[in-house]
1. I want to confirm something. Restricting to the stretch C:245-270 and keeping residues that are facing another protein chain (nearest Cβ under 9 Å) and open to solvent by less than 10 Å² (accessible area, probe 1.4 Å), which single residue is farthest from A:V277 (Cα to Cα)?
2. Please go through the stretch A:224-272 and give me each residue that is of a type in the set (D, E) and open to solvent by 30 Å² or more (accessible area, probe 1.4 Å), ordered by number.
3. Count, please, the residues in the stretch A:141-161 that happen to be under 16 Å from A:A186 (Cα atoms), part of a helix (DSSP H, G or I) and within 14 Å of chain C (Cβ to nearest Cβ).
4. When the residues of the stretch C:48-90 are narrowed to those that are among the polar types (S, T, N, Q), more than 16 Å from ligand 5 (Cβ to nearest atom) and in contact (Cβ under 8 Å) with a residue 60 or more places away in the chain, which ends up surrounded by the most Cβ atoms within 10 Å (Cβ to Cβ)?
5. Just to be sure I understand, how many residues within the stretch C:66-81 are under 20 Å from C:Q29 (Cβ atoms) and not aliphatic (A, V, I, L, M)?
6. Can you say whether A:T190 is within 16 Å of ligand 2 (Cβ to nearest atom), within 14 Å of another protein chain (Cβ to nearest Cβ) and not in a helix (DSSP H, G or I), as far as the supplied structure shows?
7. Please count how many residues of the stretch C:16-47 are in contact (Cβ under 8 Å) with a residue 60 or more places away in the chain and either more than 14 Å from every other protein chain (Cβ to nearest Cβ) or among the small types (G, A, S) (or both).
8. Can you tell me which residue in the stretch A:266-304 is farthest from ligand 2 (Cβ to nearest atom), limited to those that are of a type in the set (A, V, I, L, M) and in contact with a helix residue (DSSP H, G or I) (Cβ under 7 Å, 6 or more places away or on another chain)?
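The values are calculated or read from the model by the stated rules, or taken from the named source; none is laboratory data. This structure is a prediction, so every number in the text was calculated from the model and none was measured. Every residue, glycine among them, receives a Cβ derived from its backbone with ideal geometry; neighbour counts consider all protein chains shown. Just the protein is used for accessible areas: all its heavy atoms, side chains included, with ligands, DNA and RNA removed. Shrake-Rupley method; radii C 1.70, N 1.55, O 1.52, S 1.80 Å.
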Amino acid sequence: MDKKPLLKVQDLKTYFHTDDGLVKAVDGVSFEVYPGETLGIVGESGCGKSVTSLSVMRLLDEKGEIAGGSITFNGEDVLAIPEEKMMKIRGNDMAMIFQEPMTALNPVFTIGYQIIEAILLHQKVSSEEARAMAIDMLRKVGIPEPEKRVDEYPHELSGGMRQRAMIAMSLSCNPKILFADEPTTALDVTIQAQILELMLSLQKEYGMSIVMITHDLGVIAELAERVAVMYAGRIVEYADVVTLFKKPKHPYTWGLMNAIPKIDDEKEILYNIKGVVPDPLSFPEGCRFNTRCPLAKDKCFTDVPPLEEFEKDHFVACFRINELEEMIKSEREGELSAK
Amino acid sequence: MAQKISDFRKLSKKFLRNGTAILGIALLSFFIVIAIFAPFIAGENGDNPYQIPRVSWSSKPIAPTAEHPFGVIGGRDIFYGVIWGTRTAFQLGLIIASCAAVIGILIGSVSAYFGGWVDEVLMRIVDIFMSIPFLVAAIILTTILGKGLDKVMMALIVFGWMSTARLIRGNILQAREEQYVLAAKALGQKNFIIIVKHIIPNTIFPVVVQMSMRIGSYVITAAGLSFLGIGAEPGYADWGTILSYSRNWMTMLDQSWFAIVFPGTAMVLFVLAWNLVGDALRDIFDPRLRN
Amino acid sequence: MQNNTLLKVNNLVKYFPVKAGVFRKTIAQVKAVDDVSFEVKKGETVGLVGESGCGKTTAGMSILRLYEPTAGQIILDGKDTSYYFLSRRKAKKFLKKQYTEKFEKMKQKYSSEDQVIKNLNDEFNKQAAKDYFENPHKFIEKMMDMRIKGRSEFRRKAQMIFQDPYSSLNPRHRVKTIVGEGAKINELVENKDELKAMIEDILKKVGLSVDHMSRFPHEFSGGQRQRIGIARALILKPELIVCDEAVSALDVSIQAQILNLLNSLQKEFNLTFLFIAHDLAVVKHISDRVAVMYLGKIVEYTTKDQLFEKPLHPYTVALMSAIPNPDPENKSHRIILEGDVPSPINPPSGCPFHPRCPIAKDVCSKEVPQFKEIEEGHKVACLFPGKLKR
Ligand SMILES: Nc1ncnc2c1ncn2[C@@H]1O[C@H](COP(=O)(O)OP(=O)(O)OP(=O)(O)O)[C@@H](O)[C@H]1O
Ligand SMILES: Nc1ncnc2c1ncn2[C@@H]1O[C@H](COP(=O)(O)OP(=O)(O)OP(=O)(O)O)[C@@H](O)[C@H]1O
Ligand code: SF4
Ligand SMILES: [Mg+2]
Ligand SMILES: [Mg+2]
């Protein structure tokens, strides 16, 4: 890719100083987001997806600290921007939508009021104009009768409608990048389909970049152009979506792909990634996947595998990429014999 | 059995590692010792030990001396009052807190268990009681009932049970929705046993914690009433009563400071002790916090 | 009665009253489950899918009598269990209405007892009518005698695995107390040693170790907690297990572990699952037959293969198209349904799906479609089945 990235995150390290000890929630994460594209970040609960996006938006709470790395957005060093200017950037150039829109919307104000306030904060328009813009935005996200709905409170809307309102609010200032943190996880599939469709069409219209955070590989496959797979605070694989799904090279990615039941692929036994995600207070030495990895050997327990370019634009952090074929083969045989 | 012992050890270890818990326990033990040994520390007033002996017929405060280490006010020995007042404080706090808790638990659980209009009516009553400012209500009731510590206690119990009732009701309603209650039902457990084994343990401990936290505040309120002259009888061994003697000397603190400082300190430490103990109890009762 | 049917649900109804005011007057009903009928064969897994609030949990809980159903018959292992958990008076009333009145009325209509039996549509009720006409009084007496004994038998035979691995375990109890509770209640063991051996055995079966016995639930991960919940149900050696979103709260890799575990346990113990979930891919993976629910009603019920190859109800078609396919080269062509799921307090007239249905015609808002067999073993409730194409 020769285009200049809109967002470049390099070796980001975000640590939390908790009562129980230091949590290295994000530990050396690098990725870029290009204008107009959708980057998917996928991984299991607690792997650091949300913390990554909160770090980029500089929204960490007081326990969290960016302990290293750099974030460049639109050619500017995000970590050096004074807080006041950052507030301007947030909402204006960077926006975010959350999993549970109820917690992100203020229950004591009407949704219209909240959208209008966001518009007035960032744009020089009169309040009548802002109201008209808000209604327009609500219509765009597919809320029926926006003139009426604009004066309703968040609790008067259904989950899907709230998520639409949230999207309307975050898009009202035409951001360059939108972080969507599990925007559809709390919703039903038919409503999820509505929201995903909406995000795609809005992206086409406004040309913004989207960072799509989810644990749902299906959503990633539908929406993302490139994907980063996270495990225990690190990116283990990073590639375009087709390569990642068709030729995963990290044992974790491969395991994840084979652990999910698929509609059009009958399997009696799902692949079993044994064990559980390690405790964030005591991640293992070396590769963090080594407690669960069937390939783990020698170096895996002592050295951290770097995220290296395996093929063009396909990055993998594993010492034993070459052994993966073997593992898949024996896995398939095991499956056959199980039948 | 072995399990229980090792559990107890783990708990006590954790408890001892927690500095504030130790402080709370130490303070509380200190007060308990004083209450028990009051006759040996401050002597005993023959006719009625809860009556502070008169040592002077002048109402002028007398600064601390070797004989009266905390000084004298209104003719009463402050040292005697503070020491024996500890007993009064325990009586006040424990009786009020436990009576209020019992009433609260009763009403709260009846409300939660029966639901429907019973719940509605009881909770409206709670609302009405709560809408009357606590101190005002207590003042009015003691004025009607007349002087005396028992009257104070009664007033505070009558207006002190509502938050427990709310707490226990909320807890029961919440615990009832927990899936482990359903699971027990699905296993065929009897309703009564479900309440005893699953619901009560998950609802009662917060009440115990709340109770211990409030013991201190009841003592303060009772003292407040005594200070206003509608609490204990004059001369009763009670921290509030001593404070009330200093009312007339408020403008001359240089001459009467000891009548405020000594009972005041006792009160503050007493409240602190119960609060710290309450905090520690909270940790103990929750297995999630035992590690 | 076909003896390979384990569970038969006839016309199950569960309404929740909506109350308001000081005197808690009922002002409306949430029609959470509204006339649901289906059957589950021994050893099979029936998936129950549908969107949030469509009544899946309510159906499962009503079957297990964790909620007392408003109406309907629940037949487990050839026995009508519907009145087991009612009070004596209500049970009598139920039996009178369900059997005495019904049969007598039919007798008047068809004029002969044999005709009544012939006109009843399911095996269980045919047999019941036969027994009833032989000696009506004895029939009811016998049923009443079954009531109390039936309860513990029912609890032993039908168990549940819950969705939330956090709230489904009492935080104050140790694993052995949680897992052993069922065995103690139902007196499956005689002494402590037997109980301990039993708990150890079951913990191993679900992939936990014996060291875990004395720990508290909070010391476990979500997947392990779910295993504890499975062990708690399994210790009773049940026949039917209702799994309510048993894997929905788990991470992908843990979800696979639990699904595999359920699969192998099913084989080992010949378990029958009613598997409630909203994830169609998971349901497809584990089920033999699938029931699709919408707004308190089952709209389609058939074998898994039929359902996924040839869905007939437009809602099923849309639901399937809405699932994001984890294959970037083969993106699903989504049928986007307009609007939200309507409220079960005020379900739409006619077909409950008509306000969102892409092929709805005028009749759909007037006529309630019957839930009937359209092809062999394929039941649908739609006036235009198979008309919406993917
Ligand atoms: N405010 C915080 N204080 C302490 N630790 C935190 C905080 N926020 C996150 N963490 C820790 O950081 C790690 C990563 O959390 P994060 O929320 O990014 O996970 P996630 O990938 O978004 O997971 P999920 O899918 O559950 O949302 C976790 O181990 C979490 O415990
Ligand atoms: N105890 C209750 N009292 C009143 N209404 C209830 C109760 N339980 C469920 N409902 C209502 O009944 C309807 C069906 O709920 P149910 O929990 O069965 O849905 P579900 O299909 O399990 O949904 P989900 O996928 O969200 O678990 C909902 O509208 C719900 O609000
Ligand atoms: S580096 Fe080693 S432990 Fe890590 S994923 Fe690769 S093989 Fe497994
Ligand atoms: Mg998150
Ligand atoms: Mg449910």
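1. Filtering the stretch C:245-270 for residues that are facing another protein chain (nearest Cβ under 9 Å) and open to solvent by less than 10 Å² (accessible area, probe 1.4 Å), the one farthest from A:V277 (Cα to Cα) comes out as C:L259.
2. Step one: filter the stretch A:224-272 for residues of a type in the set (D, E), giving A:225, A:237, A:240, A:264-266, A:268.
Answer for the stretch A:224-272, where residues must be of a type in the set (D, E) and open to solvent by 30 Å² or more (accessible area, probe 1.4 Å): A:E225, A:D240, A:D264, A:D265, A:E266, A:E268.
3. Total satisfying the criteria: 3.
4. The residue in question is C:T81.
5. 5
6. Judged against the criteria, A:T190 is not a match.
7. Taking the stretch C:16-47 as the starting set, the residues that turn out to be in contact (Cβ under 8 Å) with a residue 60 or more places away in the chain are C:18, C:28-38, C:40-47.
Adding the requirement that they be either more than 14 Å from every other protein chain (Cβ to nearest Cβ) or among the small types (G, A, S) (or both) leaves C:28-38, C:40-44, C:46-47.
Residues flagged as in contact (Cβ under 8 Å) with a residue 60 or more places away in the chain and either more than 14 Å from every other protein chain (Cβ to nearest Cβ) or among the small types (G, A, S) (or both) within the stretch C:16-47 amount to 18.
8. A:L295
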